[in-house]
Structures are given as structure tokens and as C-alpha cells.
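Below is one structure, written out as C-alpha cells; the observations come after it.
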Amino acid sequence: MNDIAAIKELLLKRKQEIEETIATVASQDPTQQDPWYDRENTQDDDAQEREGKTRADALMRQNQDQLQDVTRALAKIEAGTYGICDVCGKPIDPARLAMVPEASLCIDDQKTVE
């Protein structure tokens, strides 16, 4: 998958999917419901809402991070620097890019970050 146009198309599709997921998660946030809806919550209801909010927040952060990675990869395509490691400046293994097209680090530098 060395064809930049195909990679760009894949990344644009992924970006759209992530944006749709973010919109869905945001619309299901229990704290965004009408405040007059079910004013007589029990403690169990409140606990379930907090748990739902915690899960929604985690999912939102994960998707926002993924969106940032995909957007960065698209910007690198436009700048002509796609496939170049942000840390060492060496080419990222094409096999890695085939598996993780939004990768901005070579595998060696990714290991040091983790």
C-alpha cells in the first residue's frame, strides 16, 4: 500500500468514521439529557449515569486521539513528509504504514515512547 492516493483515501474514510463515532458518543452522553427529564433519580440511577459518563469520556478521548493521529497523517501527506518518522527523520517501514497508516513514528521510536 505505497500508493499515497490510496492511503489518503483510506485515511479520509477513517477520519469520517471517527467523526461519526464522536458525534454518536456525544449524543449519548447522559449528562447532555434534558435536565427536567426524570428529576427523581435514585442513587442507583445516579451511579449508572456516572458510570455511563466515565465510559463515554474514555471513548471520546480515545476517538479524539485517533482523529488527531489521522489528521496529522493527512497533513503529512499534503506536506510531502508522510512516512517519515517525527522523531528520527528516517523512513517508517512500509509494512508498519500498511498496518497503521496514521503512524508518525518508526517502530523503534514508538517503542521508546511507550
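General remarks:
- Apart from one condition, Glu17 fits all of (1) modelled with pLDDT of 90 or more; (2) farther than 21 Å from Val100 by Cα; (3) among the acidic types (Asp, Glu); the exception is (2).
- Across segment 73-99, the number of residues qualifying as out of contact with any Asp or Glu (no Cβ under 9 Å at 6 or more places or on another chain), of a type in the set (A, V, I, L, M), under 27 Å from Thr21 (Cα atoms) and surrounded by 14 or more Cβ atoms within 10 Å (Cβ to Cβ) comes to 2.
- Segment 96-109, residues that are over 17 Å from the mean Cα position of the chain (by Cα) and over 16 Å from Leu11 (Cα atoms): Cys106, Ile107, Asp108, Asp109
- Among (1) surrounded by fewer than 13 Cβ atoms within 10 Å (Cβ to Cβ); (2) outside any helix (DSSP H, G or I), the one test that Lys111 misses: (2)
- Residue match in segment 67-81 (condition: in a loop (DSSP other than H, G, I, E, B) and at pLDDT 95 or above): yes
- Selection status of Val70, closer than 25 Å to Thr21 by Cβ, free of Cβ contacts under 8 Å to residues at least 60 places away in the same chain and crowded, with 18+ Cβ neighbours inside 10 Å: yes
The values are calculated or read from the model by the stated rules, or taken from the named source; none is laboratory data. Source: prediction; values computed, not measured. Note: ideal-geometry Cβ built from the backbone for every residue, glycine included; neighbour counts use all protein chains shown.
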